[in-house]
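Laboratory data are not the source of any read-out in this text; all were calculated from the coordinates shown. This is a predicted model, so every value here is computed, not measured. Virtual Cβ from ideal backbone geometry, glycine too; neighbours counted across all protein chains shown.
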4 protein chains.
Amino acid sequence: MIPVAILGGSGYTGVELMRLIAMHPGLELTAVSSRQFEGQKVSRVFGALEGRVDLPFTSADPATLAAGARLVFTAVPHQTAMAAVPAILAAGAKVVDLSADFRLRDVATYQEWYAPHTCPELLDQAVYGLPEFYRQQVKAARLVANPGCYVTSVLVALVPLLRAGLVSPQGLIADSASGVSGAGRGAKLNLLHGEVHENFKAYAVAGHRHTPEMEQELSLAAGAPVRLTFTPHLLPLDRGILSTIYAQPLAGVDEQAVRDCWRTAYAGEPFIRPLDKGLLPATKEVRGSNRVQLAVAIDPRSGLLKLFAALDNLTKGASGQAVQNANLMLGLAETAGLMELAVTP
Amino acid sequence: MIPVAILGGSGYTGVELMRLIAMHPGLELTAVSSRQFEGQKVSRVFGALEGRVDLPFTSADPATLAAGARLVFTAVPHQTAMAAVPAILAAGAKVVDLSADFRLRDVATYQEWYAPHTCPELLDQAVYGLPEFYRQQVKAARLVANPGCYVTSVLVALVPLLRAGLVSPQGLIADSASGVSGAGRGAKLNLLHGEVHENFKAYAVAGHRHTPEMEQELSLAAGAPVRLTFTPHLLPLDRGILSTIYAQPLAGVDEQAVRDCWRTAYAGEPFIRPLDKGLLPATKEVRGSNRVQLAVAIDPRSGLLKLFAALDNLTKGASGQAVQNANLMLGLAETAGLMELAVTP
Amino acid sequence: MIPVAILGGSGYTGVELMRLIAMHPGLELTAVSSRQFEGQKVSRVFGALEGRVDLPFTSADPATLAAGARLVFTAVPHQTAMAAVPAILAAGAKVVDLSADFRLRDVATYQEWYAPHTCPELLDQAVYGLPEFYRQQVKAARLVANPGCYVTSVLVALVPLLRAGLVSPQGLIADSASGVSGAGRGAKLNLLHGEVHENFKAYAVAGHRHTPEMEQELSLAAGAPVRLTFTPHLLPLDRGILSTIYAQPLAGVDEQAVRDCWRTAYAGEPFIRPLDKGLLPATKEVRGSNRVQLAVAIDPRSGLLKLFAALDNLTKGASGQAVQNANLMLGLAETAGLMELAVTP
Amino acid sequence: MIPVAILGGSGYTGVELMRLIAMHPGLELTAVSSRQFEGQKVSRVFGALEGRVDLPFTSADPATLAAGARLVFTAVPHQTAMAAVPAILAAGAKVVDLSADFRLRDVATYQEWYAPHTCPELLDQAVYGLPEFYRQQVKAARLVANPGCYVTSVLVALVPLLRAGLVSPQGLIADSASGVSGAGRGAKLNLLHGEVHENFKAYAVAGHRHTPEMEQELSLAAGAPVRLTFTPHLLPLDRGILSTIYAQPLAGVDEQAVRDCWRTAYAGEPFIRPLDKGLLPATKEVRGSNRVQLAVAIDPRSGLLKLFAALDNLTKGASGQAVQNANLMLGLAETAGLMELAVTP
């Protein structure tokens, strides 16, 4: 069993990491920190873990966490992550960072969308942790930037099509909706059941921080700058993202060409599931699993392609992908601990 | 009190009609039919109406319903409606038809999307019942075609902008999501709580029957044929539609121009609510009310306009709008019985 | 229009009061206070009220609120209420207090369950505001203590039966469940959608503050001290309370005797609805209405009576009942503004 | 891998069995039948299983199913099960029956609550499959009657206390609530999202078929006839049962005595989790897991014990327990494939 630790384990990505590690055949959780719950038993905060995660939350000292672990998951807000990562690396542990701090290759872009970057020198060695696209680099990395949840759904749908030149890089629109756990476990008014339940609305409509991250990877795939129109919405469910993406097909491209492209790109990939004709992704069918469901339809009136991608924002959209990256970085089977199916209904 | 009747009262639009009529100061329900529940007391089927709607469900004979009423709401499936409407009109009652049978002005289009039309001669006199656009015609009509739920959300947002030439009629996309009551009260597997709850998915992605209805009215507004890309989704909530619409602004049009256009077009309209800058529509804020909330944002990267429209699919999207039409047709105050606010949370 | 004001309008009982007052034919809201949102427009906090409640939240000075109003609803936490009520009364306005501060007739009991009482001299003139039991006293009162939400559900079911001697005052059990709005609109971790949704659990199992309030009124009804076993649970819904009550019938009492007793006690009461045999209360059927649904079943094996009472915790359980009390205190029709039916589905 | 089959795989217990078997290290699904979906691929009906359960649904011939399997799970309605079980046993396969057909030891009681029994001669060899109480018998059985979902929650809480004489066998009350999947996957009006969501109500209040099953096992535990008052309620969630049980403690019994009794009775049991003082069961914390959470509180006013038990009605309440039984019957580790933790949030 390989010892791993978590910096910041009291949020929803934290408890999801603990759930996955507790069921993992090759990883052992040695420590988990929380400023809010330091000193309390994990299982008193997260009753579902009772009897399986018997640690108390520790203080958030990165070096201490790193000392007993070969890899540390940093599941803290951006800025907090970059303040801790250098010490963890210096202590000899690898890092999968679930924040946004090392996702953008261009420090100016980061600073435009987020805040000043305090360790830009690490950006070069950070690997963007979408294993289906960067598997070899992830294996060799000591610092992996785990992708954003919305971003993963959009990239999995579009990257192969842009690489293969099936769709135009112009005019792409991603209309996405996420369950509420994507917004974290903070005690905020707008996340109350009374506000979210039986409700649906858009937010961050003039610019969401996942946009530059999508554009970075889409541009690399297209070999040219891509500008994306992105609209996130808040769903009255706990987990799940569905992205509905509108793209202009290039000459002669039909539904089957898209499906074939995906099947080729994702042949042998256990987590990416292009669906058969006639089926459509559903967040419930991937809930708690590390899967992405994909489908395509062509609008017979406008000729526009509609691409659909569903994933669980806490699993393939965050902690599941983080474990997938950790598996690669630690020489374990990539699927270890990640073959769980969605609990339906 | 003006006597009205309902043909087909056991569905969700039916119970919403009964709720609104029971609270209405000028309408009195004289009869309501149901094939499924004929002979049973309405209040045993819909406990919320106990003590306020004390009728039994009757048989679905249109002439009988019409005999005691000045207006009949037909809340039955398409085809069933057109089979009943001529007899109701012949009996001297007016009709607000909540089905699709009289919405499309072109019988060929109807037959392409639905089925053979058995009384095309009535299409000429049928008025499209979106009172904010066709108020005078509705007042004079004896047959009003009540618009589709998705359609209302899209038209309210786009029609004034197309009329004013603020957005291009090319490339319009409507990405919409509806609560489950929009699919009716049939005992269908895909509408079970176990299938819908904690789920989100698209459906009818290659063509939904509301598309030609939208295109008909958008084309009239634009003065030129409009083709729309429309994608409906199913939300895990009972009521509510949110449409997120992407449109290309014409030269010089910004957010404020859109807002101004809406404010001018909807000045004095109690049910259409363009929101102040910084606010976004939320289905929960219109739940049970006859309102449409509108907002606009311009994407700073792509320059595309994002328009947002929220309504309750059973109220302004169906039965509330039907009562609004009936008020006009019967010479009542247009807002009578319709000023209820959303129940929040 | 009679001017009324609200002290503490930013919680869920506050917004429900505003909704009801906005639709009320005889009341006009002149001011509403909020510490948290002072200076902001009400409609920016509660979008559903846009265009209908155009006030800003004011400061929470009781005398100022009282100056322009004939009655003030105090919708603030206990202790805060008692600090404000004397000044409101001194300014000549009547008070309906939605907190617990004036519900318990015995100051020692209050202090045992809550905190020191700073104006016990007002307890004598405070009337317990359950109009179906204390209508005449409410009409004459200048201070009404609006009952607790769980309490109302239990009292409406049991008080007539205890008064009539149909059930034993010994061994009563109330097993109740409430939607989350009963816990208020505070930004608390345990009220997040992520914690409440798809969950069900008991809380406050060794003693909930509504217990002494129930026991006070049940004892008065029984003419002897009553001890009640009460267990509240948290439901994953916004609104609604269902109480399932277990009681020992006295000799010869059967289901019909209970139903008859209720029908006699509540003859002419528009808000209390004993259901016909075979029907059971459902929170959804009273959602947003001021109704209580009642039903009874006798367990054929144990002979125990099961009583069921459903209400909307924010309407008949709080703000609706408060308006009902205000109507009586101000000489308006008791049902004014309260005949709204539940929005179903 | 041991071959197993499922008779009746298109309901919610069926898909849960398939999920658990697909992730099981020692079981292999060889066939699954469905009258409704015969011939269709399982993964088109249950998208979550795509790529992991690649069988089509077969016809429901018991002998054919049994031919290729060492054990058959019968997940069909009562009566249908007893019609199939003899043929399966005759073909040499063992049976875990998820229906009620073999749960009641007394054929007259079965016939009183259900229907005529066509193979009463099998009742003697049927073992009641609650492994924590009947482990040795289950190991030796060829026919196991898998307990009811409500029943399991009540028995796990009460049996050790009755065996130890800590609570009175008189006056027991079980007030239970279940998520909607407990009612199956039939296309029924009362199971629609529009009916269940944002609703809470009791049902079957004068007698639910799980009552005699509870009484049978409680009587055995108490060594005397037990009559139980049982009230089921329908929760607006997919999965989860919480039972709140009221019991009279015998002299000197306090909370700690109950907790100690449970800890002794369930020492070493991985699935039964008595919680620490101060914690309460929550359906969300066991969702998708095979666990039962237990807690106790003593009402300080009435002295009554309140016992709380939460489980997932599809896992420990049905299919998880069925796999646990199968593991024992097939000589596998009892926990094989069942150590999954709840997916939270």
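Points worth noting:
- Scattering profile of chain C at q = 0.14 Å⁻¹ [log10 I(q)/I(0), Debye over alpha-carbon scatterers]: -1.14
- Between A:LEU71, A:LEU172, A:LEU130, the GNM of chain A built on Cα springs shorter than 10 angstrom shows A:LEU172 fluctuating the most.
- The relative contact order of region C:144-232, computed from alpha carbon pairs under 8 Å that lie at least 6 residues apart in sequence, is 46 percent.
- Region A:101-161: trypsin sites (Lys or Arg not before Pro) in DSSP loop, at most 16 other beta carbons within 10 Å: A:ARG105, A:ARG142
- Each part gets one Cα centre, and for region A:247-281 versus region D:327-345 those centres are 36 Å apart.
- Lysine pair count for chain B [Cα-Cα under 23 Å; pairs on different chains or 8 or more apart]: 10
- Cα gyration tensor shape for region B:201-345, rounded if a/c is under 1.5, else prolate or oblate: rounded
- Among beta bridges that DSSP assigns inside chain B, antiparallel share in %, nearest 5: 45
- A simple charge model with +1 on the Cβ of Lys and Arg, -1 on the Cβ of Asp and Glu and nothing else charged puts the dipole of the protein assembly as shown at about 0 debye relative to its Cα centre.
- Axis of helix D:12-22 versus longest Cα principal axis of chain D: the two differ by about 70°, to the nearest ten degrees.
- Only Cα pairs under 8 Å and 6+ residues apart enter the sum, and on that basis the relative contact order of region C:150-313 stands at 31 percent.
- Beta-bridge orientation, region B:150-313: approximately 70 percent antiparallel, per DSSP, counting only bridges with both partners inside.
- In chain A, the DSSP-assigned H stretches of four residues or longer account for a calculated mean residue ellipticity at 222 nm of -8500 deg cm²/dmol, using -39500 (n - 2.57) per stretch and the full residue count as denominator.
- Considering only alpha-carbon pairs that sit under 8 angstrom and 6 or more positions apart, the relative contact order computed for chain C is 17 percent.
- Charge dipole (debye, nearest 20) of region D:150-313; +1 at Cβ of Lys and Arg, -1 at Cβ of Asp and Glu: 160
- Three-way shape call for the protein assembly as shown based on the alpha-carbon gyration tensor, with the a/c threshold at 1.5: rounded
- Relative exposure of A:LYS284, C:LYS306, D:LYS188, judged by other C-beta atoms within 10 Å (fewest first): D:LYS188, C:LYS306, A:LYS284
- Considering only A:VAL151, A:VAL323, A:VAL107, the Gaussian network model of chain A with Cα springs below 10 Å gives its largest mean-square fluctuation to A:VAL107.
- GNM top mover of B:PRO281, B:PRO160, B:PRO86 - chain B, alpha-carbon springs below 10 Å: B:PRO86
- Largest-first principal axis extents, alpha carbons of region A:228-288, Å: 39, 30, 21
- Local net charge near D:LEU279, Cβ-Cβ under 13 Å (Lys/Arg +1, Asp/Glu -1): +2
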